[in-house]
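The numbers here are math on the coordinates, done by the rules we state, and not lab data. None of the values given here were measured: they were computed from a predicted structure. Cβ coordinates were reconstructed from backbone atoms using ideal geometry, including for glycine residues, and neighbour counts include every protein chain displayed.
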Amino acid sequence: MLERKTAGRRGDGRRAAELRPVRLAPGFLPDAEGSVLVEVGSTRVICSATVQDGVPPFLRGQGTGWVTAEYGMLPRSSPQRIERERRGPGGRTHEIQRLIGRSLRAVVDMAALGERSVLIDCDVLQADGGTRCASITGGFVALAVALGRLEAAGLVERSPLTDSVAAVSVGIVDGRVVLDLPYEEDHRAAVDLNLVMTGSGRFVEVQGTAEGAPFTERELRQLVALGRTGIERLTLLQRRMLRAAGVRMPRAR
């Protein structure tokens, strides 16, 4: 069923089960403890990690760390200019920031981090669908580099990383289950789903919505199965890049 649903070519020439070209360029911001430019097709996001001593008030004195995220789109990251959020993040931005933070905290041992905070900044240079997924995938790389530096400097006794994490979109477009939707497909998808998973294959978050008619459990299983294949490929790219950068990764369990 999955093979029949995903047959044929899409508007950009990809097969239904194919990711857009993905590129991870580490060290994009040399002053950051960890950074990467992540490109997924035409979507481009700078992800940077900042390590700070101390934690939010609700964690002080507990000997545990914290990882959080901020997300923003540059004014001309889309065809129409986006107003800067000078009065604080709006509803969509706040929801995406919380998603990125939750996803990254899922693979960090906060006790091993100690009373430190890591802030992941995700700045969208160009948006063509999947910016939150690209931010999670790239945000993990920036986080891993930053934590690797802490370990190399002897500031933590062991790596706080417990696993890797990545995200991808899947959807039903023109009656087909497809992987990694650009904007042209995303805005007309009958079903749109974002999948966040660890490198060991555990779920962190599943965000799925029917834009029109409800979808079936069978279709949901197809979406998740296709998304899993995308996560596996993204995980491989992350691990290859981090290995080249000298970052020690936990074994996939």
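When residue 204 is tested against (1) under 27 Å from residue 111 (Cα atoms); (2) in contact with a strand residue (DSSP E or B) (Cβ under 8 Å, 6 or more places away or on another chain); (3) without any contact (Cβ under 8 Å) to a residue 40 or more places away in the chain, just one condition goes unmet, and that condition is (3).
For segment 225-243, the set of residues classified as out of contact with any helix residue (DSSP H, G or I) (no Cβ under 8 Å at 6 or more places or on another chain), in contact (Cβ under 8 Å) with a residue 40 or more places away in the chain, aliphatic (A, V, I, L, M) and surrounded by fewer than 22 Cβ atoms within 10 Å (Cβ to Cβ) consists of 237 only. For segment 37-44, the condition of being assigned to a loop (DSSP other than H, G, I, E, B), among the hydroxyl-bearing types (Ser, Thr, Tyr) and within 25 Å of residue 206 (Cα to Cα) holds for at least one residue. The single residue among 132, 176, 158 that is crowded, with 20+ Cβ neighbours inside 10 Å, among the charged types (D, E, K, R) and in contact with a helix residue (DSSP H, G or I) (Cβ under 6 Å, 6 or more places away or on another chain) turns out to be 132.
Sort out which residues of segment 75-115 are of a type in the set (Lys, Arg) and either in contact (Cβ under 8 Å) with a residue 40 or more places away in the chain or surrounded by 14 or more Cβ atoms within 10 Å (Cβ to Cβ) (or both), and write them in order of number. Correct list: 98, 102, 105.
The strands (runs of 3 or more DSSP E) located wholly in segment 115-194 that include 1 or more residues which are more than 28 Å from residue 243 (Cα to Cα) and of a type in the set (A, V, I, L, M) occupy 165-173, 176-179.
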